[in-house]
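This report concerns only the one structure given below.
Laboratory data are not the source of any read-out in this text; all were calculated from the coordinates shown. Please read all numbers here as calculations on a predicted model, not as lab measurements. Every residue, glycine as well, gets a Cβ built from its backbone with ideal geometry; the counts of neighbours run over all protein chains shown.
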Amino acid sequence: MYIKKELQDIISEAFHSANFRFKPSTLYDPIKYMMDLGGKRLRPLLTLMSCDMFGGRIEDALAPAMGLELFHNFTLLHDDIMDQAPIRRGKETVFKKWNTNSAILSGDTLFVMAYELVTKTTPALLPLVLDLFNDTARKVCEGQQYDMDYEFRSDVSIADYILMIRLKTAVLISCSLKLGAIIARAPAEEAELIYAFGENLGLAFQLQDDYLDVFGEVDKFGKEIGNDIVTNKKTLLFLKAFELADGRSLELLRKHYLDHTLPAPEKVKTITGIYRELNIDVLTRKLIDEYFAKALEIMDRIRIPADRKKILLEIAGHMVDRES
């Protein structure tokens, strides 16, 4: 089996060798800029690890794995426009560096390039791969729509929020793992289990991201701290705080979270203080641990030797206990 560093090096070399310089440069320069920002390349890593874990050839999974990374970056590029986020991975977002129209069109092109790579798989497996990718892409878009809808709803529940992040974030983690299993020709039952493992891992991963958005450090997190608060995102932290707050805390929460005219630093400071008073940081970490524990229970049901699961489990542990 491969070790993590070997797989990371294979992925890095593949992207380093990839050609993102086509004409017109005004279309492809933003794509190259986005891809050069790097990131953790987590999704292709999960695909190769899953393929290797089930005894497949990672060479067969590399192009589809790269396709998932391009698709992920397409979603980030468009998300940044919708969220009006100025920073991504410590650098200016594409729409800030160029303009919104350029970012939209470059994002659309990234999606096409992702599709081209995902389809570079064994012909016999192509129907399964395409079914998985198409289903995932549709669900990610559904999740993003829920995310936008929730900004204008006053009745969003914690269950609603979990549904949204399951679609927007967790299913792409699931897809990455199941894709590797399919290419390794794992039994259908095992492929479904690794998908379920990824779904719970993905929920824990996104909740950790929400946690870091409030309680992280900008130098480590790579994005502005408190952006979810400034943009009035109805995250788990927000919903749990409204559930627990009363009296002055509830009054302040309503005033500061729903007031679009307050200076961002004041808003972030006040809301974060309320979160700490209500132990929202502790409660969020507890839920993260619960989803991760469920993921581990599912992994135990996959009938392959424990030593073949070790590397993937190490990566999974880092995903839910990271600072960036």
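Pick from His256, His72, His16: which residue has the top mean-square fluctuation in a GNM of the chain where Cα pairs under 10 Å get a spring? For the chain, modelled as a Gaussian network with Cα springs under 10 Å, the answer is His16. Rounded to the nearest Hz, the phi-derived 3J(HN,Hα) couplings of the range 268-285 under the Karplus curve 6.51 cos²θ - 1.76 cosθ + 1.60 (θ = phi - 60°) are 5, 4, 5, 5, 4, x, 5, 4, 5, 4, 8, 6, 5, 4, 5, 5, 5, 4, where x marks glycine and proline. Dimensions of the range 141-212 from C-alpha coordinates, computed as largest minus smallest value along each principal axis and given longest first, are 46, 24, 15 Å.
Karplus-derived 3J(HN,Hα) values for the range 67-82, using 6.51 cos²θ - 1.76 cosθ + 1.60 with θ = phi - 60°, are x, 5, 5, 5, 4, 4, 5, 4, 5, 5, 4, 6, 4, 4, 5, 5 Hz; glycine and proline are entered as x.
For the chain, the Cα gyration tensor yields ellipsoid semi-axes of 34, 25, 16 Å (square root of five times each eigenvalue, largest first, whole Å). In the chain, the longest principal axis of the Cα atoms and the axis of helix 126-150 are about 10 degrees apart. Do any of Lys97/Lys269; Lys40/Lys120; Lys23/Lys97; Lys96/Lys294 go past 30 Å between their Cα atoms, and which? Correct reply: Lys96/Lys294.
When peptides 299-312, 74-87 are ranked by their average number of other Cβ atoms within 10 Å per residue, the highest-first order is 74-87, 299-312. Descending by average beta-carbon neighbour count within 10 Å, the peptides 173-185, 147-159, 282-294 line up as 173-185, 282-294, 147-159, the highest first. Report note on the peptides 41-49, 136-144: ranked by the mean count of other C-beta atoms within 10 Å, highest first, their order is 41-49, 136-144. Once the Cα atoms are used to define both axes, helix 306-319 deviates from the longest principal axis of the chain by about 30 degrees.
Over all projection directions, the Cα-based convex hull of the range 21-157 averages an area of 10.1 nm². Residue by residue, the range 159-173 carries 3J(HN,Hα) couplings of 4, 4, 5, 4, 4, 4, 6, 4, 6, 6, 10, 5, 5, 6, 5 Hz when phi is fed to the Karplus relation 6.51 cos²θ - 1.76 cosθ + 1.60 (θ = phi - 60°); x denotes Gly or Pro. Listed by chain and number, the lysines placed with their C-alpha closer than 18 angstrom to that of Lys139 are Lys168, Lys178; residues fewer than eight positions away on the same chain are left out. Placing +1 on the Cβ of every Lys and Arg and -1 on the Cβ of every Asp and Glu, with no other charges, gives the range 44-140 a dipole of roughly 260 debye about its Cα centre.
With the simple model of a label 7 Å out from the Cα in the direction of the Cβ, Lys120 to Phe242 spans 4.6 nm.
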